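Single-structure report; data block below.
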Amino acid sequence: MPKRQVLFKLKKLNKITRRNMQKKNDRNSIKIMQIRAFCMTAEQGAASLAALNLFRTQSAITRSIRDLEHTLAISLFERHAKGMLLTDLGNVILPRARSAMEELTRIPALLRRLQQRDDEGIEDLEPTWLFNERRLQIFLSLYRQQHALHVAQALDITQSAVSAALKVLEKGAGMYLFHRTPKGMLPTPAGHEIAPCISRALNALHHIPEEITAHRGDLTGSVRVGALPLSRARLLPQAMIKLISRHPGIKIVTNESGFTALIAELRAGDIDFIIGALRNEKMLLDIHSEILFEEELILLARPNHPLSDRRVKNQELKDIQWVLPRNHAPSRHLLEVAFCKMGLASPQPVVESGDPAVVRALLLGSDMVAAVSSHQLDFEVSEGILIPLQVNLTGTRREIGLMTRQKALNSPATDALINCVREVIQSSNDK
């Protein structure tokens, strides 16, 4: 057989194998319609009453719950002649299941508001067009990648399957969710509005198996952390070491994006919490902040720098080549205020960077001076690799802490990592 034919057959066989595995995974995944039946049965206490409320047959409700129990390998209800009572594990996953359904069922009201329709008094039919996990995965992938071909390749489906899923969603929404342009599929205002709800709903579903294993005493799953610069040197790594030593089944993923991007991902449920400098912004009313400690800005230089080993005079700060945080960073503003109090003009940087590796290399190879947070290059200072200059930057203290979504249901693994962060802080305070 010619080599080309062999390669073609192997490629075709691999594709069939991947699709068969995908079908198997889909059969073993949690279905939103099953979660819907579970939540309503828990609320009503009987499959017959749940069926009446959901306009389905009792056998369909019973089958959905049985399939969900099979997928999760647990019993969710105790069956009695007078109804169905939640088991311990049923009670464990119920808040997460309700959270997912609440995120999806609030979408019609968001779309109504965009359409400026004054029909708030009308009772919504359930948005069953949203109750399909695969369809929602396609929407989120398209929202992030903005190209149907890329989505099809990433999910190993056809482009027509992507188009069909989007058609169902847009018909249900009653409006376009994407603009079709030569540059790709760009989200409309409606697409932007519903994406966080869909993301939070899917994330809630994905955490359900973790809740079950945690109840049995085994923490698993992943924690996604938005790591701002001040947490990266010691605090977060030490907390991660503590967590992994106790629970080796947990995976931690850090995201080092800027604050604006991290907040957007936190709101969408794509990261579990942010650790770093807290912000006092009116736009963060939906974010809960927990203060861990306070720190201040310092000026760092190499050992044997011309300004080291003595008190630096204010006027000597005028002729320095500065390495500073980026222009709109909160620490940059605090530094400028401190210079103003000293009667000096704002320092002008020759380099703007928040990358510790870049800052360290610049300082070690020159007479540049960097303004950084006192914990940002903590290791370098403690080892004598870099030294703080003797300058008092008054008014530069700020709060460092954790940011989470208000009323968010943290996964057990997330709570465990947050507790490890607190332990690291407590150990540091006790020294």
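Yes/no matrix, rows are residues, columns are (1) modelled with pLDDT of 95 or more; (2) among the basic types (Lys, Arg); (3) surrounded by fewer than 14 Cβ atoms within 10 Å (Cβ to Cβ):
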{"position": "269", "(1), (2), (3)": "no, no, no"}
{"position": "272", "(1), (2), (3)": "yes, no, no"}
{"position": "275", "(1), (2), (3)": "yes, no, no"}
{"position": "281", "(1), (2), (3)": "no, no, yes"}
{"position": "291", "(1), (2), (3)": "no, no, yes"}
{"position": "296", "(1), (2), (3)": "no, no, no"}
Odd one out for residue 337 among (1) among the β-branched types (Val, Ile, Thr); (2) in the same structural domain as residue 254 (by TED's automatic domain parsing); (3) modelled with pLDDT under 95: (2)
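May I ask you to verify whether residue 286 is assigned by TED's automatic domain parsing to the domain that holds residue 424, more than 30 Å from residue 365 (Cα to Cα) and surrounded by 15 or more Cβ atoms within 10 Å (Cβ to Cβ)?
In short, no.
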Elements of type strands (runs of 3 or more DSSP E) in the stretch 334-431, at least 3 residues being under 18 Å from residue 275 (Cβ atoms): 398-405
Single condition residue 256 does not satisfy, out of (1) touching a strand residue (DSSP E or B) at 6+ places or on another chain (Cβ under 7 Å); (2) without any contact (Cβ under 8 Å) to a residue 40 or more places away in the chain; (3) within 27 Å of residue 30 (Cβ to Cβ): (3)
Candidate set from the stretch 62-77 (those that are out of contact with any Phe, Trp or Tyr (no Cβ under 9 Å at 6 or more places or on another chain) and free of Cβ contacts under 8 Å to residues at least 40 places away in the same chain); member that is nearest to residue 208 (Cα to Cα): 73
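For residue 244, indicate whether it is outside any strand (DSSP E or B), closer than 30 Å to residue 89 by Cα and either touching a strand residue (DSSP E or B) at 6+ places or on another chain (Cβ under 7 Å) or modelled with pLDDT under 95 (or both).
On the way: outside any strand (DSSP E or B): yes; closer than 30 Å to residue 89 by Cα: yes; either touching a strand residue (DSSP E or B) at 6+ places or on another chain (Cβ under 7 Å) or modelled with pLDDT under 95 (or both): yes.
When the stated conditions are applied, residue 244 passes them.
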Any hit, the stretch 416-430, residues being assigned by TED's automatic domain parsing to the domain that holds residue 290, in contact with a Ser or Thr (Cβ under 6 Å, 6 or more places away or on another chain), at negative phi and surrounded by 14 or more Cβ atoms within 10 Å (Cβ to Cβ): no
Looking only at the stretch 78-93, and only at residues there that are without any contact (Cβ under 8 Å) to a residue 24 or more places away in the chain and not in a loop (DSSP other than H, G, I, E, B), the one that is nearest to residue 38 (Cα to Cα): 91
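Suppose we filter 399, 380 for residues that are buried (at least 18 other Cβ atoms within 10 Å of the Cβ) and among the acidic types (Asp, Glu); which single one remains? Let's see the steps before the verdict.
Working: 399 fails: buried (at least 18 other Cβ atoms within 10 Å of the Cβ).
Being buried (at least 18 other Cβ atoms within 10 Å of the Cβ) and among the acidic types (Asp, Glu) holds for just one of 399, 380, which is 380.
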Count - residues of the stretch 347-374 that are small (Gly, Ala, Ser) and over 36 Å from the mean Cα position of the chain (by Cα): 2
Residue list for the stretch 132-190, filter: touching a strand residue (DSSP E or B) at 6+ places or on another chain (Cβ under 6 Å) and among the aromatic types (Phe, Trp, Tyr): 143, 178
Failed item, numbered, when residue 217 is tested on (1) more than 25 Å from residue 34 (Cβ to Cβ); (2) in contact with a strand residue (DSSP E or B) (Cβ under 9 Å, 6 or more places away or on another chain): (2)
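Please tell me if residue 219 is farther than 30 Å from residue 68 by Cα and touching a residue at least 40 places away in the same chain (Cβ under 8 Å). Walk me through it before giving the result.
Numbers: farther than 30 Å from residue 68 by Cα: no; touching a residue at least 40 places away in the same chain (Cβ under 8 Å): yes.
The answer is no for residue 219.
Condition first: surrounded by fewer than 18 Cβ atoms within 10 Å (Cβ to Cβ) and either over 22 Å from the mean Cα position of the chain (by Cα) or touching a residue at least 24 places away in the same chain (Cβ under 8 Å) (or both). Now tell me which residues in the stretch 95-104 satisfy that.
Our first condition is that a residue be surrounded by fewer than 18 Cβ atoms within 10 Å (Cβ to Cβ); within the stretch 95-104, this holds for 95, 98, 102.
95, 98 - these are the residues of the stretch 95-104 that are surrounded by fewer than 18 Cβ atoms within 10 Å (Cβ to Cβ) and either over 22 Å from the mean Cα position of the chain (by Cα) or touching a residue at least 24 places away in the same chain (Cβ under 8 Å) (or both).
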Output for the stretch 409-427, where each listed residue is under 20 Å from the mean Cα position of the chain (by Cα) and free of Cβ contacts under 8 Å to residues at least 40 places away in the same chain: 415, 419
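In this structure, is residue 355 at pLDDT below 90, surrounded by fewer than 18 Cβ atoms within 10 Å (Cβ to Cβ) and not assigned by TED's automatic domain parsing to the domain that holds residue 237? Can you show your working first?
Working: at pLDDT below 90: yes; surrounded by fewer than 18 Cβ atoms within 10 Å (Cβ to Cβ): yes; not assigned by TED's automatic domain parsing to the domain that holds residue 237: yes.
Yes.
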Residues located in the stretch 372-415, provided they are at positive phi and modelled with pLDDT under 90: 395, 407
Residues of the stretch 80-97 classified as in contact with a helix residue (DSSP H, G or I) (Cβ under 9 Å, 6 or more places away or on another chain), more than 16 Å from residue 410 (Cβ to Cβ) and among the β-branched types (Val, Ile, Thr), total: 0
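The values are calculated or read from the model by the stated rules, or taken from the named source; none is laboratory data. Model, not experiment: these values are computed from the prediction. Quick reminder, even Gly has a Cβ in these numbers, built from the backbone with ideal geometry, and neighbours come from all protein chains shown.
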